[in-house]
1. For the chain, which whole-number percentage of the solvent-accessible area (1.4 Å probe, protein heavy atoms only) is attributable to carbon and sulfur atoms?
2. Mind pulling up the Rg/Rh value for segment 61-176? Radius of gyration and Kirkwood radius, both on Cα.
3. Compute log10 of I(q)/I(0) for segment 101-144 with the Debye formula, placing one identical point scatterer on every Cα and leaving out solvent, at q = 0.25, 0.31 Å⁻¹, to two decimals.
4. With everything on Cα atoms, drop me the angle between helix 144-157 and the longest principal axis of the chain, reported from 0 to 90° to the nearest 10.
5. Which listed residue (LEU42, GLN68, TYR96) has the Cα farthest towards the positive end of the charge dipole for the chain, taking +1 on Lys and Arg C-beta and -1 on Asp and Glu C-beta about the Cα centre?
6. Where in the chain lies the longest segment free of GluC sites (Glu not before Pro) that are both loop residues by DSSP (not H, G, I, E, B) and have at most 12 other Cβ atoms within 10 Å?
7. Would you compute, for the Cα atoms of the chain, the largest minus smallest coordinate along each principal axis and list the three values in descending order, in whole Å?
8. Return the percentage of antiparallel bridges among DSSP beta bridges fully within the chain, rounded to the nearest 5 %.
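The values are calculated or read from the model by the stated rules, or taken from the named source; none is laboratory data. Here the structure is a predicted model, which means the values were calculated and not measured. Note that we place each Cβ from the backbone using ideal geometry, even for glycine, and neighbour counts take in every protein chain shown. Surface accessibility is based on the protein's heavy atoms, side chains included, excluding ligands, DNA and RNA. Shrake-Rupley method; radii C 1.70, N 1.55, O 1.52, S 1.80 Å.
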Amino acid sequence: FSMFNFFRKNLTSDSVYVRTATTCFLFVIVFFTITTLSYFLLPEGILRGKNPAQNWNTSHDLLVSTLQIFLFNQLSVVMILVGNIFSTRKKSDQNYIPLGYLVFFMQTSINAITLGTWSFSVMTEAVPLLDRIIGTFDVLHKAGLWEMSGQLLILCATAKISIIMTDGNKTSVRSWRDVRLSKQEIFVFFGGLFFMLIGAFIESLSIIGLGNGR
């Protein structure tokens, strides 16, 4: 219980850096735990073809393809931002938790299951679990960590934008004019967008490389 309160307090800290560090810690635990469990418990390729959004083609031009992927990935950012507009708590002595965290960790779980079951839309030979985990950190050739880190930074930068707050059965609404991002939060927000742009570029390179048979 005290551990839960500790994380709840840090996820809603006034310091964007405390929020980010705490979310990073939880992300590592959640992502690699679910990756490992899905590797052993779920059939290989179980999610392949289940997401209709995977069935789209990008341009053969690197810059255009990068922009396409970057803009497509902003759908996840929009979902996080919409989630952060709403926050909730069960008791008046607790901090409000923005629902963007729920959105982010749901996306993280889907990505982890995709990795654990090797359910990528582009079919390649599956590799052992340890290679999958180590490969996640190959940031020069793999876009996943860039994109998820970008989402994480944007999530933490905007964790204080809630205007609709539910306290038990009571809901209060504040004005958009009361929402202000600090300089640090703006810095982290654009850092997240930059990470996602790098991820889109690396993913675009990979797709074009596969298309050219490399």
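1. Values: 8540 of 12520 Å².
Accessible surface attributable to carbon and sulfur in the chain totals 68 percent.
2. On the way: Rg = 17.8 Å, Rh = 16.4 Å.
My calculation puts Rg/Rh at 1.09.
3. Ignoring solvent entirely, the Cα scatterers give -1.00, -1.21.
4. Once rounded, the angle reads 10 degrees.
5. Toward the positive end, the furthest listed residue is TYR96.
6. On the way: sites that count: GLU44, GLU125.
Between exposed loop sites, the widest span is 126-214.
7. 58, 39, 28
8. Values: 6 of 10 bridges.
Of those bridges, close to 60 percent are antiparallel.
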